[in-house]
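Enquirer: Pasting in a structure now, in structure tokens, and then I'll have a few things to ask.
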Amino acid sequence: MSNELIDADPVFIGSVSDQYLATTEYGDLQLILTIDITGRLRDPGDRGAGTEDAPQEQREIRLTFSDDEGRAMPMRISVENLCRLGFADSDLSRLHPDHAEFHSLLGRDVHIRPREKGGVTYWNLAWPSSRPRPAPLDAVVDRMPGLRRRVEQIQANADVTSASHRATPPARQSEVGDDA
């Protein structure tokens, strides 16, 4: 593995080029996705900051599915990742390329990041957000009719709500019954 890719918690963008299901030595099911890296985020916490060149390499992402209750957290993370990738079915066999109703993730753009544990580097899906950017005035003006109505509705309701909050003082602990 190239060390060029790993420094300072980077996040990379890539595309799914292969997917298959496998079983682990423990009998768990794994969805293995091959990712072709196409770039690196300039800011790992902001996908809107753009990308820069990165070595054109492939990495594998493994999503593990187990019916062992002791491994509920990894299972939950794998299911959440699948949902974010657009697969919300409970029939994981549909991820197998030979399934009649195959659900392909091929070509899907993803973000990935390396992690190291016990001296071993592995790769995870990453879901960086975009930081807000200044909006041009014309974009703000275009949104004003709908936003103005919502602001006026909230302000009108706030006056009623604020008046009722002022009229009813909060209960003190001594006023709360034992059965509360």
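Enquirer: Can you pull out every residue in the range 58-70 that is over 24 Å from residue 38 (Cα atoms) and either touching a strand residue (DSSP E or B) at 6+ places or on another chain (Cβ under 6 Å) or in contact (Cβ under 8 Å) with a residue 12 or more places away in the chain (or both)?
Expert: Once the filter is applied, which keeps residues that are over 24 Å from residue 38 (Cα atoms) and either touching a strand residue (DSSP E or B) at 6+ places or on another chain (Cβ under 6 Å) or in contact (Cβ under 8 Å) with a residue 12 or more places away in the chain (or both), the range 58-70 yields 64, 65, 66, 68.
Enquirer: Here is a further query. Go through the range 45-69 and count every residue that is part of a loop (DSSP other than H, G, I, E, B) and among the hydrophobic types (A, V, I, L, M, F, W, C).
Expert: 1
Enquirer: If you don't mind, there's one more thing I want to ask. Residue 139: surrounded by 10 or more Cβ atoms within 10 Å (Cβ to Cβ), assigned to a helix (DSSP H, G or I), at pLDDT 55 or above and out of contact with any Ser or Thr (no Cβ under 8 Å at 6 or more places or on another chain), yes or no?
Expert: No; evaluated as a whole, the condition is false for this residue.
Enquirer: Just to be sure I understand, how many residues within the range 98-122 are surrounded by 12 or more Cβ atoms within 10 Å (Cβ to Cβ), part of a loop (DSSP other than H, G, I, E, B) and out of contact with any helix residue (DSSP H, G or I) (no Cβ under 6 Å at 6 or more places or on another chain)?
Expert: The qualifying residues number 5.
Enquirer: Can you tell me which residue in the range 142-177 is modelled with the lowest pLDDT, limited to those that are of a type in the set (Gly, Ala, Ser) and in a helix (DSSP H, G or I)?
Expert: This residue is 174.
Enquirer: Go through (1) in contact with a helix residue (DSSP H, G or I) (Cβ under 6 Å, 6 or more places away or on another chain); (2) surrounded by 15 or more Cβ atoms within 10 Å (Cβ to Cβ); (3) not charged (D, E, K, R) for residue 95 and report which single condition fails.
Expert: Condition (1) is where residue 95 drops out.
Enquirer: Separate question: Which one is farthest from residue 99 (Cα to Cα), of the residues in the range 18-44 that are part of a strand (DSSP E or B) and among the acidic types (Asp, Glu)?
Expert: Per the criteria, the residue is 43.
The values are calculated or read from the model by the stated rules, or taken from the named source; none is laboratory data. Please read all numbers here as calculations on a predicted model, not as lab measurements. Every residue, glycine among them, receives a Cβ derived from its backbone with ideal geometry; neighbour counts consider all protein chains shown.
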